[in-house]
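These notes are about the structure you will find just below.
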Amino acid sequence: MILPSVRRLFAKSRFPLSRHVPSSSFSAIQAFDPPPVVHTRRVVVTGLGMVTPLGCGVKSTWTRLIEGGCGIIKLTPEDLQINAFDPETQLHIYDQLTSKVAAVVPRGTKPGEFNEELWLNSKEHRSISRFIGYALCAADEALKDANWMPSLQEQKEKTGVSIGGGIGSISDVLDAAQLICDKKLRRLSPFFIPRILINMASGHVSMKYGFQGPNHAAVTACATGAHSIGDAVRMIQFGDSDVMVAGGTESSIDALSIAGFCRSRALCTKYNSAPQEASRPFDSGRDGFVIGEGSGVMVLEELDHALKRGARIYAEVRGYGTSGDAHHITQPHASGRGAALAMTRALKQSGFHPCQVDYLNAHATSTPLGDTVEATAIKSVFADHALSGALAFSSTKGAVGHLLGAAGAVEAIFSVLAIHTGVAPPSLNLKEPDPIFNDNFMPLTSSKQMPIRIALSNSFGFGGTNASLLFASAA
């Protein structure tokens, strides 16, 4: 039935209803049978892989993290990836950067180091930039950990990839721009575009293993890794795939990226001479985040699929909450409303009560405003559970810096490992806690052995984008 007001509107227009909007079209949708009912499927974590400033591999990273290790170093001009410039220019650029600390992935051929010869330097890797190489390395570890290397076509068609990045390869863009300045554009690599496209991390993983399920790449600044995992969970829940290789990756330790964040006054500048003290989430002496690099990838799997093949299950993904601050391009709303919405939505989807959460991995990047706002949101959502000290929480960015597009994935893995091992990781450099804290409501300053059945991981990004992932013990 068409409302009289709608008929009058079309009668006065140049487009008569009878010619352009048949009456039948308004009721046609009622003539079709409803779409098939989609029964939401349960999703579990069966494989983990990481490349971080604490080491290449889950074991290396986790061991150093819970022991209080730190992967932040003092930068040198060689770390800035500006070899296309003359030495004098390189030194001048380095001197102009106000932040000279970063969390760099250890490179080499020893255990726990990222082997560049294996992942970046061979002839077939000319289209692979560093952030893609990190994703390939982390995905390889996660797939081996999950013991999922399908050979059947049907299995490959039901396995997808969801790996995002925040920025891509700015160093490649800078080198290409220099070719323009030098009037040598003909020397531009034909692989320039494939090296900088963020979705190529997901693409290369898909091509390497022949996965023909969903091929997806979220780009949501510092919430990218969490969104990539959450989106992958929903793809499994709604039947698009049975298995997803999901996470985030980033490699933006280069002159232009650091200069950009310096200009926005987002980076730490007070601790250039003491790099391991530079990232200090929730501490009153914090003055900005420390830029980091790396990748985190997990294998997600439909529960029955995992059980049938006897897979080891680390945890179940029970909640995925997203929200927008709708406030400012870089600053969260002072009330913490966006963060609170994301956490509340993840909890609602999970079916758990806030008082059931044992551990929370905070996004807290070590910025003056952001950390306080997140603490305010945690108090709002968890109330007495947080204020009484029953909720253990920490920010692991004191150890690994801020991995931007990879942060949400790496910290989600830390949350899963906290459940799996029964150890909550610490916040480093918390010497003088922000005044918002008190004796009971206080981030962990050392690793804590405790039963952890439910853990929440927060990720927030520029543009006011927020994501929270909630994991629960599978036991």
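Quick notes
- Test: residue in the stretch 265-285 that is over 27 Å from SER394 (Cα atoms), open to solvent by 20 Å² or more (accessible area, probe 1.4 Å) and in a loop (DSSP other than H, G, I, E, B): no
- Evaluating ASN83 against the criteria (1) at pLDDT below 95; (2) farther than 30 Å from LEU179 by Cα leaves one unmet condition, (2).
- Count of residues meeting criterion [more than 19 Å from GLY57 (Cα to Cα) and open to solvent by 10 Å² or more (accessible area, probe 1.4 Å)] in the stretch 290-316: 10
- The set of residues in the stretch 418-447 that are among the hydrophobic types (A, V, I, L, M, F, W, C) and open to solvent by less than 10 Å² (accessible area, probe 1.4 Å) comprises ALA418, ALA424, PHE441.
- Only residues that are under 11 Å from GLY112 (Cβ atoms) and not charged (D, E, K, R) were counted in the stretch 51-68, giving 10.
- Counting only residues that are open to solvent by 40 Å² or more (accessible area, probe 1.4 Å) and either touching a Gly at 6+ places or on another chain (Cβ under 9 Å) or part of a helix (DSSP H, G or I) (or both), the stretch 124-150 holds 6 of them.
- Top-ranked residue in the stretch 30-44 [being in contact with a helix residue (DSSP H, G or I) (Cβ under 6 Å, 6 or more places away or on another chain) and open to solvent by 80 Å² or more (accessible area, probe 1.4 Å); ranked as nearest to SER350 (Cα to Cα)]: ARG42
- Residues in the stretch 326-345 that are in contact (Cβ under 8 Å) with a residue 60 or more places away in the chain, surrounded by fewer than 21 Cβ atoms within 10 Å (Cβ to Cβ) and under 20 Å from the mean Cα position of the chain (by Cα): ILE329, THR330, LEU341, ARG345.
- Scan of the stretch 381-396 for residues that are of a type in the set (A, V, I, L, M), open to solvent by 20 Å² or more (accessible area, probe 1.4 Å) and without any contact (Cβ under 8 Å) to a residue 40 or more places away in the chain, ordered by number: ALA383, ALA390
- Qualifying residue in the stretch 302-320 (condition: of a type in the set (Asp, Glu) and more than 30 Å from PRO150 (Cα to Cα)): no
- Yes/no for ALA362 being open to solvent by less than 10 Å² (accessible area, probe 1.4 Å), in contact with a Lys or Arg (Cβ under 7 Å, 6 or more places away or on another chain) and not charged (D, E, K, R): no
- As for the stretch 346-358, it holds at least one residue that is touching a helix residue (DSSP H, G or I) at 6+ places or on another chain (Cβ under 8 Å), of a type outside the set (Ser, Thr, Tyr), assigned to a helix (DSSP H, G or I) and open to solvent by less than 40 Å² (accessible area, probe 1.4 Å).
- Within the stretch 373-475, strands (runs of 3 or more DSSP E) holding 2 or more residues that are touching a Ser or Thr at 6+ places or on another chain (Cβ under 6 Å): 454-461, 465-472
- When ALA177, ALA221 are screened for being within 26 Å of PHE462 (Cβ to Cβ), in contact (Cβ under 8 Å) with a residue 12 or more places away in the chain and not hydroxyl-bearing (Ser, Thr, Tyr), only ALA221 passes.
- Among (1) among the polar types (S, T, N, Q); (2) open to solvent by 10 Å² or more (accessible area, probe 1.4 Å); (3) not in a helix (DSSP H, G or I), the one test that SER99 misses: (2)
- When restricted to residues that are outside any loop (DSSP other than H, G, I, E, B) and touching a residue at least 60 places away in the same chain (Cβ under 8 Å), the stretch 242-264 contains 15.
- Filtered residue count, the stretch 331-351, keeping only those that are in contact with a Ser or Thr (Cβ under 7 Å, 6 or more places away or on another chain) and among the β-branched types (Val, Ile, Thr): 0
- Every pair of residues 6+ apart whose Cβ atoms lie under 8 Å, when the first sits in the stretch 109-128 and is at pLDDT below 95 while the second is open to solvent by 100 Å² or more (accessible area, probe 1.4 Å): GLU117/THR109
- Filter result (among the hydroxyl-bearing types (Ser, Thr, Tyr) and outside any helix (DSSP H, G or I)) within the stretch 359-372: TYR359, THR365, SER366, THR367
The values are calculated or read from the model by the stated rules, or taken from the named source; none is laboratory data. Computed from a prediction, not measured in an experiment: that's the story for all the values here. Cβ coordinates were reconstructed from backbone atoms using ideal geometry, including for glycine residues, and neighbour counts include every protein chain displayed. To get the accessible areas, we keep the full protein, side chains included, count just its heavy atoms, and leave off ligands, DNA and RNA. Shrake-Rupley method; radii C 1.70, N 1.55, O 1.52, S 1.80 Å.
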